[in-house]
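The block underneath contains the structure these notes are about, expressed in structure tokens.
The values are calculated or read from the model by the stated rules, or taken from the named source; none is laboratory data. Because the structure is predicted, anything quoted here is derived from the model rather than measured. Here the Cβ is made from the backbone with ideal geometry for all residues, glycine too, and neighbour counts use every protein chain on show.
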Amino acid sequence: MRLSNIISDETILLGIKAQSKSEALREMVKFLEKKELINRADEVIEKLEQRESLGTTALGEGVAIPHCKVKWVTNPIILVGISKRGVPFEAPDERPVNIFFLLITSLEDPTLNLQILAMIAQLIKKSPELKEKLLQAKSPAEVREIIRRQEEKQIE
């Protein structure tokens, strides 16, 4: 399984406008709702905020992986969100977050949730140039291609 196979052009949000953590979560979830990929936005926002209340999902260095599990999702959804300005997200290094990997998985398969979180973390850890490349991307297709190429490099 690869992230680039789960991420689609319609799950990539360039130009996040939010200026706070809760605005960012809401903006990303509403984007998925508008694309008709989810239909219970309020429930997802609530679950994401509950998860954030346990501790931030910001990793530092401008990246966060907000995530939650819901009953009604059959296939995992990964939204890649990009904010050129950055969003305050209570990161350990106190830097704003520019790159979001928002993950929604099924309650029925907690192992898959952990596998995908680990894949995202590995991609970020092993690709120091990933953030800069994603910030320069001009289209969803380009974002997907950057992620695909970085995954390929890890396999080599």
Exercise for review: Filter the range 22-44 down to residues that are part of a loop (DSSP other than H, G, I, E, B) and either on the phi > 0 side of the Ramachandran plot or exposed (fewer than 13 other Cβ atoms within 10 Å of the Cβ) (or both) and give me whichever is modelled with the highest pLDDT.
Suggested key: Glu36
Exercise for review: Inspect all residues belonging to the range 104-115 and state whether any of them is part of a helix (DSSP H, G or I), in contact with a strand residue (DSSP E or B) (Cβ under 8 Å, 6 or more places away or on another chain) and closer than 13 Å to Ile78 by Cα.
Suggested key: yes
Exercise for review: Scan the range 114-142 residue by residue and report those that are touching a helix residue (DSSP H, G or I) at 6+ places or on another chain (Cβ under 9 Å) and within 20 Å of Pro96 (Cα to Cα).
Suggested key: Ile120, Leu123, Ile124, Ser127, Glu129, Leu130, Lys131, Lys133, Leu134, Gln136, Ala137
Check your understanding: Does any residue in the range 8-21 that is part of a strand (DSSP E or B) come within less than 9 Å, Cβ to Cβ, of a residue that is acidic (Asp, Glu) six or more places away or on a different chain, and which pairs are these?
Key -> Leu13/Glu27
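How many residues does the range 55-74 contain that are in a strand (DSSP E or B), of a type outside the set (A, V, I, L, M, F, W, C) and either touching a helix residue (DSSP H, G or I) at 6+ places or on another chain (Cβ under 8 Å) or over 18 Å from Pro96 (Cβ atoms) (or both)?
Adding up the residues that qualify gives 2.
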Check your understanding: Tally time: how many residues in the range 132-156 are polar (S, T, N, Q), touching a residue at least 12 places away in the same chain (Cβ under 8 Å) and assigned to a helix (DSSP H, G or I)?
Key -> 2
Exercise for review: Return only the number of the condition from (1) part of a helix (DSSP H, G or I); (2) closer than 17 Å to Pro140 by Cα; (3) modelled with pLDDT of 95 or more that Ser4 does not satisfy.
Suggested key: (3)
